[in-house]
Amino acid sequence: GIHPIVGLEVDVFYHEQKVPFLLLAKNNRGYSNLMKLSSMLCDGREYATYEELIQYCEHNFLIVYGEGGYFDAELISEDRTGITQKLAQMKSELPSFDIAISYEETSLWHSKNAVLKALAKAQGIQTVAVNKIYYLGQKDYETLKVLSAIKQCTTLRDKNVTPITGRYFLSIPEMEQIYDTDDLNRADEIASECLCDGNLEKTGIPVYPLKDGITAEQYLPQLCLAGLKKRLNGDLKPAYVERLKHELQVIHQMGFEDYFLIVYDFIRYGRQKGIYIGPGRGSAAGSLVAYCLGITMVDPLQYNLLFERFLNAERVSMPDIDTDIPDIHRQEIIDYVYQKYGEQHIANIITFDTLAARAVLRDVGKAMDISKREIDMIVGLIPQTPKITLEKSYEQKEKLRVLLNASPQLMAYFNMAKRIEGLPKNKSIHAAGIVMSGKPIEEIVPTIQMAEGMKTTQFVGNYLEERGLIKMDFLGLKNLTTIDEIVQ
């Protein structure tokens, strides 16, 4: 019975102030607007304009923060007239909105929120209980402090490392102790009306541009037949013809004609430019269509390779053709695709680097003022096994257990590292893959501008296929560059 509540916190430049707003999607159209707004704000900007807020808040609940927002100065100075004027101003300029009552943990702000609530009610503006959550459980406060120290490249002794307490996921009894019943009821009301399920209309493969009214369904078989004749020197053996018919039938059934034409086109472009393209790899080598188009250089019938390993109508998944390119020419091929299909239809894929065992021990150790000698000693006891976890290391290494059990300080340090292990540390761009979309990508997933030129999806790869985006892998290989240089 739990349904998602999708929202976005956004800073808006409003009357010469940077004002935080909270938007919660009422439905999928609201969610789509939030994705567009997020993409815009992840383009290197610090805030949205008032006009953009009005444009994208449609189909969303609009919530104005009472704490840390537009009314802070007046609340601190107890300027009731100023608060009343600002509320009236917002009421005249914004669509229907609520005032968020939060940070009720101290008596000071409890009294100030009571003033804000009374003045809002006097103008017919609803208030809602919004508990700001920075960490899940109460004990995670210390974890957040360590993460803050790591981010600031300092230690826990630094007075600037002071995350706000009490910002964990409160239970219902805890919420009832802090907030007024009507504000809690309004929160329940808003939650029940947030009916976004995330099932937005999916995209598909971009349309390969063709002239004279010919369709991809017509053009692909023509290309394949011409390619087969060339491969077989005009001797169209029945086994090859039947295999080609079968593959084309499956490709048509799954609607992937444009995909094959797109791959054929950029590989042809590369070869026309004298770029050494790899002969093909993986399951794509089992496709006669790929062989006929010059995508691969391996005859699948000669080597008894199965097409079904690559594409199977009974196992619906996107085709996956990896293209090997000399590393010095990889960007040239991607630029060709980018220019041909446009910036709205192609994007890089984001990845997140996580804190692995050794790295997290070093980062946490510095934050907790553990000596370098002790950090090196513990890191040196972590097995060299790939993707080893701290928990597994503790189980496997007796010396590590003895060392930690002898020192409460080191055990606390190790346990803190375990809590942080696996969390994202940095964002980066996928080394090989890009995605393509028939519809503008920002209508399908939110994007971020991480480098000059092509945008990057905010979602990682495994969430993109279910949105209908097609992944293309351009593998830049140093060894192909070396081979090409030798041949030249």
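With respect to the conditions (1) closer than 21 Å to VAL250 by Cβ; (2) at pLDDT 95 or above, ARG309 lacks only one, and its number is (2).
I'd like to check something: does segment 193-200 contain any residue that is in contact with a Pro (Cβ under 7 Å, 6 or more places away or on another chain), surrounded by fewer than 16 Cβ atoms within 10 Å (Cβ to Cβ) and within 30 Å of LEU355 (Cβ to Cβ)? Yes. Can you find a residue in segment 134-146 that is surrounded by fewer than 17 Cβ atoms within 10 Å (Cβ to Cβ), among the aliphatic types (A, V, I, L, M) and modelled with pLDDT of 90 or more? Yes, that holds for at least one residue.
One residue stands out in segment 373-393 among those that are part of a helix (DSSP H, G or I) and of a type in the set (Val, Ile, Thr): the one that is surrounded by the fewest Cβ atoms within 10 Å (Cβ to Cβ), namely VAL379.
Residues in segment 339-372 that are outside any helix (DSSP H, G or I), without any contact (Cβ under 8 Å) to a residue 60 or more places away in the chain and buried (at least 16 other Cβ atoms within 10 Å of the Cβ): 1 in all. The residue of segment 206-222 that is farthest from the chain's Cα centre (by Cα), among those that are part of a helix (DSSP H, G or I) and among the hydrophobic types (A, V, I, L, M, F, W, C), is LEU220.
Residue-by-condition table, conditions (1) touching a helix residue (DSSP H, G or I) at 6+ places or on another chain (Cβ under 7 Å); (2) among the hydroxyl-bearing types (Ser, Thr, Tyr); (3) without any contact (Cβ under 8 Å) to a residue 12 or more places away in the chain; (4) within 27 Å of TYR336 (Cα to Cα):
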| position | (1), (2), (3), (4) |
| --- | --- |
| ASP212 | no, no, yes, yes |
| LEU228 | yes, no, no, yes |
| LYS245 | no, no, yes, no |
| ARG268 | no, no, no, yes |
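Quick grid of which residues meet (1) assigned to a helix (DSSP H, G or I); (2) surrounded by fewer than 18 Cβ atoms within 10 Å (Cβ to Cβ); (3) outside the structural domain of MET472 (by TED's automatic domain parsing):
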position: CYS224; (1), (2), (3): yes, no, no
position: LEU228; (1), (2), (3): yes, no, no
position: ASP235; (1), (2), (3): no, yes, no
position: ARG243; (1), (2), (3): yes, no, no
position: GLN249; (1), (2), (3): yes, yes, no
position: ARG271; (1), (2), (3): yes, yes, no
position: GLU308; (1), (2), (3): yes, yes, no
position: SER317; (1), (2), (3): no, yes, no
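Just for segment 53-101: of the residues that are more than 24 Å from MET40 (Cβ to Cβ), hydrophobic (A, V, I, L, M, F, W, C) and touching a residue at least 24 places away in the same chain (Cβ under 8 Å), which one is surrounded by the fewest Cβ atoms within 10 Å (Cβ to Cβ)? Filtering segment 53-101 for residues that are more than 24 Å from MET40 (Cβ to Cβ), hydrophobic (A, V, I, L, M, F, W, C) and touching a residue at least 24 places away in the same chain (Cβ under 8 Å), the one surrounded by the fewest Cβ atoms within 10 Å (Cβ to Cβ) comes out as ILE76.
The rows are residues; the columns are (1) touching a helix residue (DSSP H, G or I) at 6+ places or on another chain (Cβ under 6 Å); (2) crowded, with 16+ Cβ neighbours inside 10 Å; (3) of a type in the set (S, T, N, Q).
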{"position": "GLY124", "(1), (2), (3)": "no, no, no"}
{"position": "GLN152", "(1), (2), (3)": "no, no, yes"}
{"position": "LYS159", "(1), (2), (3)": "no, no, no"}
{"position": "ILE164", "(1), (2), (3)": "no, no, no"}
{"position": "ASP180", "(1), (2), (3)": "no, yes, no"}
{"position": "ALA216", "(1), (2), (3)": "yes, yes, no"}
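For TYR141, the conditions (1) under 29 Å from the mean Cα position of the chain (by Cα); (2) assigned to a loop (DSSP other than H, G, I, E, B) are fulfilled apart from (2).
The values are calculated or read from the model by the stated rules, or taken from the named source; none is laboratory data. Computed from a predicted model, the values in this text were never measured in an experiment. Note that each Cβ is placed from the backbone with ideal geometry, even for glycine, and that neighbours are counted across all protein chains shown.
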